[in-house]
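Following: one structure in structure tokens, then a few remarks.
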Amino acid sequence: MERVVVIGNSGGGKSTLSRQLAARFDLPCTDLDCLLWLPGWQLAPAEVYQAEHARLIAGERWLLDGLGMHDSIASRLARATHVILIDMPLWMHYWLAAERQILWAAGQLQLPPAGIAEAPPIHGLFKAIWENDQAMPEVRSLVEREEGRGKRVFRLTSVEDLDGFLSRSDL
């Protein structure tokens, strides 16, 4: 694995899997939420995000985790050698995100998204999950296009798939 995209809706375990993959394959790992969000869950300026995204995908070895800005997905997938699509049912993303919010509120979340200390407002998080779900048909189509071009694509559709991914023999 040289250039890996881990993509899917919020709360689906992308960041945890990404950190594990990056360690296993010695890849520099970037959580796109760190580019997308400023403290207080304010969106970063689009031009700042786009410039840093372009710099990252120009590299030869990387792992990029997250959806990021939707207009950056196609170029990221085009540069990737491997794509991991976390594509669980919407209710599972809500469930996992709610569990994360509970851990966050209890002060037990070790690695918060975007490295931001304060939890996002639950209403805003759930709204983002809903909006991201509406974009998933396009994301799936972009992933299928890249798979047709010969990219190695892995689809993880359950927590069991996610939990067992690193033990696969075909990585």
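Where a number appears in this text, it was derived from the coordinates with a stated rule and is not lab data. Just so you know, these numbers come straight off a predicted model, no measurement behind them. Cβ: placed from backbone, ideal geometry, glycine included. Neighbour counts: every protein chain shown.
Tabulated data for the structure shown
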| quantity | calculated |
| --- | --- |
| Net charge, V139 excluded, C-beta distance under 13 Å - Lys, Arg +1, Asp, Glu -1 | -3 |
| Hz values of 3J(HN,Hα) by residue in the range 58-68 - Karplus curve (6.51, -1.76, 1.60), Gly and Pro given as x | 6, x, 8, 9, 6, 10, 10, 10, x, 7, x |
| Size of the range 1-93 as Cα extents on the principal axes (Å, biggest first) | 35, 32, 22 |
| Calculated [θ] (222 nm, deg cm²/dmol) that DSSP helices of n ≥ 4 give over the chain, each run adding -39,500 (n - 2.57) | -15000 deg cm²/dmol |
| Percent of Cα-Cα distances greater than 24 Å, calculated over the range 3-162 | 29 |
| Efficiency of FRET between R24 and Q110 - r from beta-carbon atoms, R0 22 angstrom, step 0.05 | 0.70 |
| Burial order of peptide ranges 100-109, 70-79 (average beta-carbon count within 10 Å, highest first) | 70-79, 100-109 |
| Ranking of W41, W130 by count of other Cβ atoms within 10 Å, fewest first | W130, W41 |
| Rounded to 5, the percent of DSSP beta bridges in the chain classed as antiparallel | 10 |
